[in-house]
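Here is the structure we will look at, set down as structure tokens.
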Amino acid sequence: MDRSLIHRIATSYAPAHARPAIATLLSLEAQFAKFVFTASEPILAQMRLAWWRDRFAQPSEEWPVGNPLLAELATWHAETSELGQVVDGWEALLANSPPTPADFEAYRRGRAAGWQVLGRHLGVSFDKTGIAQASERWSMADAAASLGEPGARDAAMREGRELAKPPRLPRALRTLTVLDAIGRRALESGAPPLSRPSDLLSVLRHGLTGR
């Protein structure tokens, strides 16, 4: 799965003013995905995630200079300490092999927290449950396409298919609407996200209409 391509396509449907912040969140997620899905040993991924958890526990004024993602996040108008929940969510996938239903729940809820922080930064009015539902389904499709163990992939597929369809999200969060659509089609078909020609048509429809 080409996660960076999916991120670029989904971000292209966001309003111009929201794209930089969305790109920052997706870059953070991509970095955590690399830690978790490619680590040869869970302890290595946990050490890398711990560094980020420590940063989000600090005031942004104390963050080290030189990290582009931290530099962008330092300009956000929302409480970035809540991004520690995103770190916790990713780490939940490392607790057991394969992950348990509780691990998957913690993982997807942690990722949803990042979108809620982003929504507050963008100053949009949103339904917290709706953001969680959209983010959680994409998160499970992402996990199903990235976990190496067949049993873990199958479990992620099953759990993702059971998630409820979210309500319509604000225009500023159109990227998440597109990611939800990509995730839903992948979970329903069992194919990797955005791997079929018809997936692009679905992206176009959801990207333009938000439905």
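The values are calculated or read from the model by the stated rules, or taken from the named source; none is laboratory data. All of these numbers come straight from a predicted model, not from anything done at the bench. Because the Cβ atoms are built from the backbone with ideal geometry, glycine has one as well, and the counts that use them run over all protein chains shown.
Yes or no: the stretch 75-82 includes at least one residue that is over 23 Å from LEU147 (Cα atoms), hydroxyl-bearing (Ser, Thr, Tyr) and not in a helix (DSSP H, G or I). Yes, some residue in the stretch 75-82 is over 23 Å from LEU147 (Cα atoms), hydroxyl-bearing (Ser, Thr, Tyr) and not in a helix (DSSP H, G or I).
Looking only at the stretch 147-180, count every residue that is of a type in the set (Gly, Ala, Ser) and modelled with pLDDT of 90 or more and tell me the total.
At the first step, the residues of the stretch 147-180 found to be of a type in the set (Gly, Ala, Ser) are 148, 151-152, 155-156, 160, 164, 172.
Pick out the ones that are also modelled with pLDDT of 90 or more and you get 172.
Qualifying residue count, the stretch 147-180: 1.
If only one of ALA14, ALA57, ALA33, ALA18 is touching a Leu at 6+ places or on another chain (Cβ under 7 Å) and in contact (Cβ under 8 Å) with a residue 24 or more places away in the chain, which one is it? Even if it seems obvious, please write down each step before you answer.
On the way: ALA14 fails: touching a Leu at 6+ places or on another chain (Cβ under 7 Å); ALA57 fails: touching a Leu at 6+ places or on another chain (Cβ under 7 Å); ALA33 fails: touching a Leu at 6+ places or on another chain (Cβ under 7 Å).
Selected residue: ALA18, the only one of ALA14, ALA57, ALA33, ALA18 that is touching a Leu at 6+ places or on another chain (Cβ under 7 Å) and in contact (Cβ under 8 Å) with a residue 24 or more places away in the chain.
When GLU29, GLU62 are checked against the criterion of being surrounded by 15 or more Cβ atoms within 10 Å (Cβ to Cβ) and either more than 18 Å from the chain's Cα centre (by Cα) or not aromatic (Phe, Trp, Tyr) (or both), a single residue qualifies: GLU29.
Specify which of the listed residues (ARG108, ARG158, ARG137) is over 15 Å from the mean Cα position of the chain (by Cα) and in a helix (DSSP H, G or I). Just a single option satisfies the conditions, and that option is ARG158.
Among the residues of the stretch 173-182, are any touching a residue at least 40 places away in the same chain (Cβ under 8 Å), surrounded by fewer than 21 Cβ atoms within 10 Å (Cβ to Cβ) and farther than 30 Å from GLN46 by Cα?
Within the stretch 173-182, the first condition is being touching a residue at least 40 places away in the same chain (Cβ under 8 Å), and the residues that meet it are 173-180, 182.
From what is left, the residues that are surrounded by fewer than 21 Cβ atoms within 10 Å (Cβ to Cβ) are none.
There is no residue in the stretch 173-182 that is touching a residue at least 40 places away in the same chain (Cβ under 8 Å), surrounded by fewer than 21 Cβ atoms within 10 Å (Cβ to Cβ) and farther than 30 Å from GLN46 by Cα.
Only one of the numbered conditions (1) surrounded by 16 or more Cβ atoms within 10 Å (Cβ to Cβ); (2) touching a residue at least 12 places away in the same chain (Cβ under 8 Å); (3) part of a helix (DSSP H, G or I) is violated by ASP103, and that is (2).
For the stretch 118-129, give me each residue that is buried (at least 22 other Cβ atoms within 10 Å of the Cβ) and either of a type in the set (S, T, N, Q) or without any contact (Cβ under 8 Å) to a residue 60 or more places away in the chain (or both). Even if it seems obvious, please write down each step before you answer.
Initially, the stretch 118-129 is screened for residues buried (at least 22 other Cβ atoms within 10 Å of the Cβ), giving 118-119.
Listed by number, the list holds a single entry, GLY119.
So if I check each of SER202, SER146, which one is polar (S, T, N, Q) and over 16 Å from the mean Cα position of the chain (by Cα)?
Numbers: SER146 fails: over 16 Å from the mean Cα position of the chain (by Cα).
It is SER202.
Pairs are defined by a Cβ separation below 8 Å, a sequence spacing of at least 6 or placement on different chains, a first member in the stretch 67-81 that is of a type in the set (Gly, Ala, Ser), and a second member that is assigned to a helix (DSSP H, G or I) and surrounded by 14 or more Cβ atoms within 10 Å (Cβ to Cβ); the pairs so defined are ALA74/SER60; ALA74/THR80; ALA78/VAL117; ALA78/LEU118; ALA78/ARG120; ALA78/HIS121; SER81/PHE56.
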